[in-house]
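**Student:** Got a structure for you, questions after.
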């Protein structure tokens, strides 16, 4: 079983400030889940970022956008409730059966070589994810926020790892599985802190490292930002392969054609549905295949990645999608969102002990809850009823799990009361909404 790292070490891991000696392991099962351990730091830094923005007189992160980003992050982890990490299982099998050389797992030289190789392959996968429509369908989730703050770093695709693993499998021919797993996590963790507008530049390190300034360009939808700065940790790859662009005019964030919804499940699937529409629309087999594998900007007669002049200029003033809720409803959603996150954290240590049906039930609960929150933010007419149903289910579940390993009797009782009161609230709102609808229908 992986041991929990000292807190300071977890913090240092977020900045790649660790040594080979303290992060080398004989088997991948021994490697700590650094990402899970970093969650408290994610929350802490997001709070600190908000304080800094407030002190600087800048706009604070929006609740709807922030919760949507974290919702995507939670969706991207739910597979772990159903099965072991597929990419590590396959990587380990390739390494055990097909490796070309036997490298020591505790060698600092192997550790540093793996760092460079992981980052190099990340650059190329990241570039592919912008230049192939089917891979972009997963990666666009990360770019869908019109904000750029630390919560944006958590906006991850549930499908992307099932593409990236095929690139990383090249490492399995030489790099021991635990070393790969360590660097896969560190590469991801490093990219958390660069999603912020609180830091301008960091001096000479801008020439070597990926920084907030470089990554802001990558998230921009200004024409000069498109398909630039793919780096994970080292910006040198972009400088070498001519994809680097320095930050210039004010960056406007998000997709070229921004989303106008807060439903995270739909956000994960929307571009796949768009590709399906393209395949149906095109007439020839060649064009149908091209619509899937070529760039998201491709169309018949155009180059693989499309034409830069097709990228629309950003219209000023920029209007962001912002169907917000009243203060009381925002407070309500935040409270219940925190309960969902707390539930996820509570079950995480037991995920290896969960049966498949229990894991599936939890996945469905999380997906449904996050979908309901999105519907509430989107002002969907059925959202009150959806939340009423969710609260009734939660009352039943809280009653069922009383005095178990997950909940003490008192905690379950408090949770049960919260959801019971919430069910009454949304039951009344649903009835009022239904009555208004019926009265309107009669008038019509």
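**Student:** Given (1) outside any helix (DSSP H, G or I); (2) at negative phi, identify the lone condition not met by residue 42.
**Tutor:** Residue 42 satisfies every listed condition except (1).
**Student:** Ok, one more. Taking only region 16-48 into account, find how many residues are exposed (fewer than 13 other Cβ atoms within 10 Å of the Cβ) and closer than 23 Å to residue 112 by Cβ.
**Tutor:** Counting residues in region 16-48 that are exposed (fewer than 13 other Cβ atoms within 10 Å of the Cβ) and closer than 23 Å to residue 112 by Cβ gives 5.
**Student:** Let me ask you something else. If residue 114 satisfies every condition in (1) surrounded by fewer than 18 Cβ atoms within 10 Å (Cβ to Cβ); (2) more than 22 Å from residue 342 (Cα to Cα) but one, which is the exception?
**Tutor:** (1)
**Student:** Still on this structure: Can you pull out the residues in region 349-380 that are closer than 21 Å to residue 432 by Cβ and in contact with a helix residue (DSSP H, G or I) (Cβ under 7 Å, 6 or more places away or on another chain)?
**Tutor:** Residues of region 349-380 closer than 21 Å to residue 432 by Cβ: 372-373, 375-380.
Answer for region 349-380, where residues must be closer than 21 Å to residue 432 by Cβ and in contact with a helix residue (DSSP H, G or I) (Cβ under 7 Å, 6 or more places away or on another chain): 372, 373, 375, 376, 377.
**Student:** Can you confirm whether residue 296 is in a loop (DSSP other than H, G, I, E, B), surrounded by fewer than 16 Cβ atoms within 10 Å (Cβ to Cβ), in contact with a helix residue (DSSP H, G or I) (Cβ under 7 Å, 6 or more places away or on another chain) and at pLDDT 95 or above?
**Tutor:** On the way: in a loop (DSSP other than H, G, I, E, B): yes; surrounded by fewer than 16 Cβ atoms within 10 Å (Cβ to Cβ): no; in contact with a helix residue (DSSP H, G or I) (Cβ under 7 Å, 6 or more places away or on another chain): yes; at pLDDT 95 or above: yes.
Considered against the rule, which asks whether it is in a loop (DSSP other than H, G, I, E, B), surrounded by fewer than 16 Cβ atoms within 10 Å (Cβ to Cβ), in contact with a helix residue (DSSP H, G or I) (Cβ under 7 Å, 6 or more places away or on another chain) and at pLDDT 95 or above, residue 296 comes out as no.
**Student:** Related question: How many residues are assigned to a helix (DSSP H, G or I) and surrounded by fewer than 16 Cβ atoms within 10 Å (Cβ to Cβ) if we restrict to region 74-93? Step through it out loud before you land on a result.
**Tutor:** In the first step, residues of region 74-93 are kept if they are assigned to a helix (DSSP H, G or I); the result is 74-75, 78-81, 86-93.
Applying the additional criterion that residues be surrounded by fewer than 16 Cβ atoms within 10 Å (Cβ to Cβ) yields 86, 89-90, 93.
The qualifying residues number 4.
**Student:** Now for a different question. Give the residues of region 190-248 that are under 23 Å from residue 35 (Cα atoms), touching a strand residue (DSSP E or B) at 6+ places or on another chain (Cβ under 8 Å) and part of a loop (DSSP other than H, G, I, E, B), sorted by residue number.
**Tutor:** 210, 219, 233, 235
**Student:** Condition first: in a helix (DSSP H, G or I) and in contact (Cβ under 8 Å) with a residue 24 or more places away in the chain. Now tell me which residues in region 249-269 satisfy that. Let's see the steps before the verdict.
**Tutor:** The first filter runs over region 249-269 and keeps only residues in a helix (DSSP H, G or I), leaving 264-269.
264, 265, 266, 267, 268 - these are the residues of region 249-269 that are in a helix (DSSP H, G or I) and in contact (Cβ under 8 Å) with a residue 24 or more places away in the chain.
**Student:** Where residues in region 309-332 are within 30 Å of residue 282 (Cα to Cα) and out of contact with any helix residue (DSSP H, G or I) (no Cβ under 6 Å at 6 or more places or on another chain), which of them is surrounded by the most Cβ atoms within 10 Å (Cβ to Cβ)?
**Tutor:** Filtering region 309-332 down to residues within 30 Å of residue 282 (Cα to Cα) leaves 309-314.
Then keep just the ones that are out of contact with any helix residue (DSSP H, G or I) (no Cβ under 6 Å at 6 or more places or on another chain); that gives 309-310, 312-314.
Details: 309: 7, 310: 12, 312: 10, 313: 9, 314: 18.
Among those that are within 30 Å of residue 282 (Cα to Cα) and out of contact with any helix residue (DSSP H, G or I) (no Cβ under 6 Å at 6 or more places or on another chain), it is 314.
**Student:** Also: From the list 77, 23, exactly one residue is out of contact with any strand residue (DSSP E or B) (no Cβ under 8 Å at 6 or more places or on another chain) and more than 29 Å from residue 374 (Cα to Cα). Which is it?
**Tutor:** Values: 77 fails: more than 29 Å from residue 374 (Cα to Cα).
From the options 77, 23, the qualifying one is 23.
**Student:** Then there is this: Can residue 335 be described as modelled with pLDDT of 95 or more, farther than 30 Å from residue 162 by Cβ, in contact with a helix residue (DSSP H, G or I) (Cβ under 9 Å, 6 or more places away or on another chain) and not assigned by TED's automatic domain parsing to the domain that holds residue 222? Even if it seems obvious, please write down each step before you answer.
**Tutor:** Details: modelled with pLDDT of 95 or more: yes; farther than 30 Å from residue 162 by Cβ: yes; in contact with a helix residue (DSSP H, G or I) (Cβ under 9 Å, 6 or more places away or on another chain): yes; not assigned by TED's automatic domain parsing to the domain that holds residue 222: yes.
Spelling it out, residue 335 is indeed modelled with pLDDT of 95 or more, farther than 30 Å from residue 162 by Cβ, in contact with a helix residue (DSSP H, G or I) (Cβ under 9 Å, 6 or more places away or on another chain) and not assigned by TED's automatic domain parsing to the domain that holds residue 222.
**Student:** Return yes or no: is residue 376 assigned to a helix (DSSP H, G or I) and either touching a strand residue (DSSP E or B) at 6+ places or on another chain (Cβ under 7 Å) or farther than 26 Å from residue 321 by Cβ (or both)? First the steps, then the outcome.
**Tutor:** Numbers: assigned to a helix (DSSP H, G or I): yes; either touching a strand residue (DSSP E or B) at 6+ places or on another chain (Cβ under 7 Å) or farther than 26 Å from residue 321 by Cβ (or both): no.
For residue 376, the condition - assigned to a helix (DSSP H, G or I) and either touching a strand residue (DSSP E or B) at 6+ places or on another chain (Cβ under 7 Å) or farther than 26 Å from residue 321 by Cβ (or both) - is not met.
**Student:** Same structure again: Residues of region 414-444 being within 23 Å of residue 370 (Cα to Cα) and either at pLDDT below 85 or touching a helix residue (DSSP H, G or I) at 6+ places or on another chain (Cβ under 7 Å) (or both), which ones?
**Tutor:** 414, 415, 416, 419, 420, 422, 423, 426, 427, 429, 430, 433
**Student:** Go through 371, 343, 358 for me and flag whichever is buried (at least 17 other Cβ atoms within 10 Å of the Cβ), in a helix (DSSP H, G or I) and without any contact (Cβ under 8 Å) to a residue 40 or more places away in the chain. Give the derivation first.
**Tutor:** On the way: 371 fails: without any contact (Cβ under 8 Å) to a residue 40 or more places away in the chain; 358 fails: buried (at least 17 other Cβ atoms within 10 Å of the Cβ).
Just a single option satisfies the conditions, and that option is 343.
**Student:** Next up: Does residue 7 satisfy being modelled with pLDDT of 95 or more and farther than 23 Å from residue 167 by Cα? It would help to see each step written out before you state the result.
**Tutor:** Working: modelled with pLDDT of 95 or more: no; farther than 23 Å from residue 167 by Cα: yes.
No; evaluated as a whole, the condition is false for this residue.
The values are calculated or read from the model by the stated rules, or taken from the named source; none is laboratory data. Quick caveat: nothing in here was measured; it's all calculated off a predicted structure. Here the Cβ is made from the backbone with ideal geometry for all residues, glycine too, and neighbour counts use every protein chain on show.
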